[in-house]
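What follows is a single structure, written as structure tokens, with notes after it.
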Amino acid sequence: DIQMTQSPSSLSASVGDRVTITCRASQAIRNYLAWYQQIPGKVPKLLIYAASTLQSGVPTRFSGGGSGTDFTLTISSLQPEDVATYYCQKYDSAPYTFGQGTKLEIK
Amino acid sequence: EVQLVESGGGLVQPGGSLRLSCAASGFTFSTYDMHWVRQVTGKGLEWVSGISVGGDTYYPGSVKGRFTISRENAKNSLYLQMNSLSAGDTAVYYCARVGNPWNWYFDLWGRGTLVTVSS
């Protein structure tokens with residue numbers, strides 16, 4: 001099975017900072033990658049699919065990139081409401097594995 | 001309102017069984033592929049099972065042979081039959097809708113139902 005590895009596992013940044021989270025697949029998955037945001041106490045929310053397509057209603061400070069095995073989620077200007085854990089997920093084929101998560105906090 | 005509402009969670013003894021339900025509303029349930037995802041408290045997300053519009057089912061190795069996903073379109077409902085439960089199955093179980101046919105990312109999630117496996 002393809003493994004999904006996120007880095008870093010946790011991250012602390014200041015409001016206004018540019019933040020990048022990385023997700024690496026153990027084998028190529030083309031662009032079949034999604035990103036989710038889970039605010040503490042809330043259910044996961046879809047941010048990005050097809051590696052770089054922003055889900056409707058998601059702020060444009062969020063962007064995604066990459067293809068094959070290496071992917072990124074970037075927040076261009078960190079806001080207090082972005083405090084959350086972020087997960088990547090592969091969906092090229094079963095099993096539809098998630099990364100272990102990246103916990104983002106405000107410094 | 002477009003929503004998914006899970007039910008059926010609770011306390012079950014090791015080796016026991018439980019059936020989860022997910023009630024869909026606000027969209028045409030029969031035209032969407034559906035999944036279950038679980039999350040141990042304080043831990044990450046784990047995909048548990050998926051079912052296509054046509055009824056094809058998919059499972060990871062960790063639950064294959066123990067869990068069965070099914071759907072009843074007439075009742076706008078998704079189910080997860082869980083057998084031979086162990087402590088490792090303790091988690092919040094989410095029902096999730098697929099955002100796009102053949103592209104199985106999840107655009108709508110329920111609030112989850114807690115399953116606790118303990119003696």
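Quick notes on this structure:
- Proximal charge balance of A:GLY57 [Cβ under 11 Å; K/R count +1, D/E count -1]: 0
- Treating each Cα of segment B:1-75 as an identical point scatterer and summing with the Debye formula, the log10 of I(q)/I(0) at q = 0.13, 0.17, 0.18, 0.27 Å⁻¹ comes to -0.45, -0.77, -0.86, -1.49.
- Taking every residue in B:96-105 and counting other chain Cβ atoms within 10 Å of its Cβ, the average works out to 5.
- For chain B, the relative contact order comes to 36 percent (Cα pairs under 8 Å, sequence separation of at least 6).
- Just the protein heavy atoms count here, and of the accessible area of segment B:4-68 at 1.4 Å, carbon and sulfur take up 50 percent.
- Interface B:A - total buried accessible surface [probe 1.4 Å, Å², rounded to 100]: 1500 Å²
- Legend: mean number of C-beta atoms from other chains within 10 angstrom of residue C-beta atoms, peptide B:1-14, equals 0.
- Taking a sphere under 14 Å around the Cβ of B:GLY9 and counting the other residues whose Cβ falls inside, with K and R at +1 and D and E at -1, yields a net charge of +1.
- Kirkwood radius, chain A, all distinct C-alpha pairs, inverse of mean reciprocal distance: 13.5 Å.
- Solvent exposure of chain A as accessible area per residue, Å², 1.4 Å probe: 45 Å²
- For B:LYS64, the accessible surface of its heavy atoms amounts to roughly 140 Å² (probe 1.4 Å, protein chains only, rounded to the nearest 10).
- Buried on assembly, segment A:15-45 (at least 20 Å² less accessible surface than by itself, 1.4 Å probe): A:TYR32, A:TYR36, A:GLN38, A:VAL43, A:PRO44
- For the peptides B:103-113, B:12-22, the ranking by mean Cβ contacts within 10 Å, running from highest to lowest, is B:103-113, B:12-22.
- Percent antiparallel among DSSP beta bridges (both partners in the protein assembly as shown, rounded to 5): 90 percent
- Tail fraction, Cα-Cα pairs, the protein assembly as shown, threshold 31 Å, whole percent: 20 percent
- Charge tally around A:GLN38: other residues with Cβ under 10 Å, Lys/Arg +1 each, Asp/Glu -1 each, net +3.
- Distance between the modelled labels on A:SER12 and A:LYS42, one decimal in nanometres: 2.3 nm (7 Å Cα→Cβ projection).
The values are calculated or read from the model by the stated rules, or taken from the named source; none is laboratory data. No experiment lies behind these values; they were computed from the predicted model shown. Every residue, glycine as well, gets a Cβ built from its backbone with ideal geometry; the counts of neighbours run over all protein chains shown. With ligands, DNA and RNA removed, areas are computed over all heavy atoms of the protein, side chains included. Shrake-Rupley method; radii C 1.70, N 1.55, O 1.52, S 1.80 Å.
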